[in-house]
1. Does Lys155 fit the bill of being without any contact (Cβ under 8 Å) to a residue 40 or more places away in the chain, basic (Lys, Arg), open to solvent by 30 Å² or more (accessible area, probe 1.4 Å) and outside any loop (DSSP other than H, G, I, E, B)?
2. Could you grab me the full set of residues in the range 182-204 that are of a type in the set (Asp, Glu) and under 15 Å from Gln153 (Cβ atoms)?
3. If you check every pair at least six apart or on different chains, which have Cβ atoms under 7 Å apart with a residue in the range 162-182 that is touching a residue at least 12 places away in the same chain (Cβ under 8 Å) first and a residue that is among the small types (Gly, Ala, Ser) and in a strand (DSSP E or B) second?
4. How many residues does the range 82-98 contain that are open to solvent by 10 Å² or more (accessible area, probe 1.4 Å) and over 11 Å from the mean Cα position of the chain (by Cα)?
5. What number of residues within the range 48-65 are surrounded by fewer than 17 Cβ atoms within 10 Å (Cβ to Cβ) and in contact with a strand residue (DSSP E or B) (Cβ under 8 Å, 6 or more places away or on another chain)?
6. Select, from Gly102, Gly44, Gly79, Gly122, the only residue that is open to solvent by less than 40 Å² (accessible area, probe 1.4 Å) and of a type in the set (Gly, Ala, Ser).
7. Got at least one residue in the range 101-108 being among the charged types (D, E, K, R) and touching a residue at least 40 places away in the same chain (Cβ under 8 Å)?
Amino acid sequence: MKKRTSILAILFIQCIALSVHAQTSADNSGTQHLYLDVHKLEPGSVTFSDVEAAHQKDLATEAKYGVQFLKFWVDEKEGLVYCLSSASDSADIKQTHAEAHGLIPDHIYEVTDGTADQMLSGKKLFLDIHYLGAGNVTATAVAGAHEKDLATQSKYGVHFINYWVDEAEGVVICLSQADEAEDVIKTHTEAHGLIPTEVLEVQEGM
């Protein structure tokens with residue numbers, strides 16, 4: 001009888017342990033991260049309305065994979081699409097895109113962001129990208145550089161809206177408004193000297 005009781009006690013303890021482990025795994029899998037995924041299409045091969053239609057399909061599919069698409073930006077001239085979303089894993093974003101419309105992103109950055117400002121009217125919208133190299137940038141350093149941008153932007157008629165940092169890959173992406181791309185470059189140059197690798201004129205959707 002004692003042996004049977006001991007076995008039952010052990011089984012009971014094991015069941016509790018498995019339950020706790022399963023609950024912990026569920027909690028971990030539910031942690032949301034912020035991502036920017038990039039679709040590199042042929043220059044001139046995509047329109048904003050095309051991407052808007054694909055985005056609606058993403059929105060209709062996202063709940064199945066625990067993804068929330070937030071915004072997207074399109075550079076029609078260069079055939080580039082950037083999508084901002086939250087998900088527990090980048091694989092969920094790929095699955096959503098694949099099922100929704102079949103357009104798999106060429107790259108997905110896991111990012112942190114700054115404090116967003118409101119968009120103004122009457123200016124062009126730009127994404128500028130800094131490729132600084134893996135391990136060469138921190139979110140804290142970018143926050144400091146962004147403050148310098150804000151202190152300088154009015155001189156060149158630029159309005160910085162937000163930025164995103166992938167520390168692991170050393171990539172920084174800034175969203176701003178200006179009359180011309182050169183004004184964004186001038187602001188970065190004077191503020192901290194970190195000149196973007198590319199500046200894209202984009203349209204925003206959400």
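The values are calculated or read from the model by the stated rules, or taken from the named source; none is laboratory data. These numbers were taken from a predicted model, which means no experiment stands behind them. Cβ sites come from the backbone with ideal geometry, for glycine too, and all protein chains shown count toward neighbours. In case anyone asks, the SASA skips ligands and DNA or RNA and just uses the protein heavy atoms, side chains included. Shrake-Rupley method; radii C 1.70, N 1.55, O 1.52, S 1.80 Å.
1. Here the answer is yes, as Lys155 does meet what is asked.
2. Those that are of a type in the set (Asp, Glu) and under 15 Å from Gln153 (Cβ atoms): Glu182, Asp183, Glu190.
3. Here the result reads none, with nothing in the range 162-182 linked to a residue that is among the small types (Gly, Ala, Ser) and in a strand (DSSP E or B).
4. 7
5. Matching residues across the range 48-65 total 2.
6. Numbers: Gly102 fails: open to solvent by less than 40 Å² (accessible area, probe 1.4 Å); Gly44 fails: open to solvent by less than 40 Å² (accessible area, probe 1.4 Å); Gly122 fails: open to solvent by less than 40 Å² (accessible area, probe 1.4 Å).
Just a single option satisfies the conditions, and that option is Gly79.
7. Yes, the range 101-108 has at least one match.
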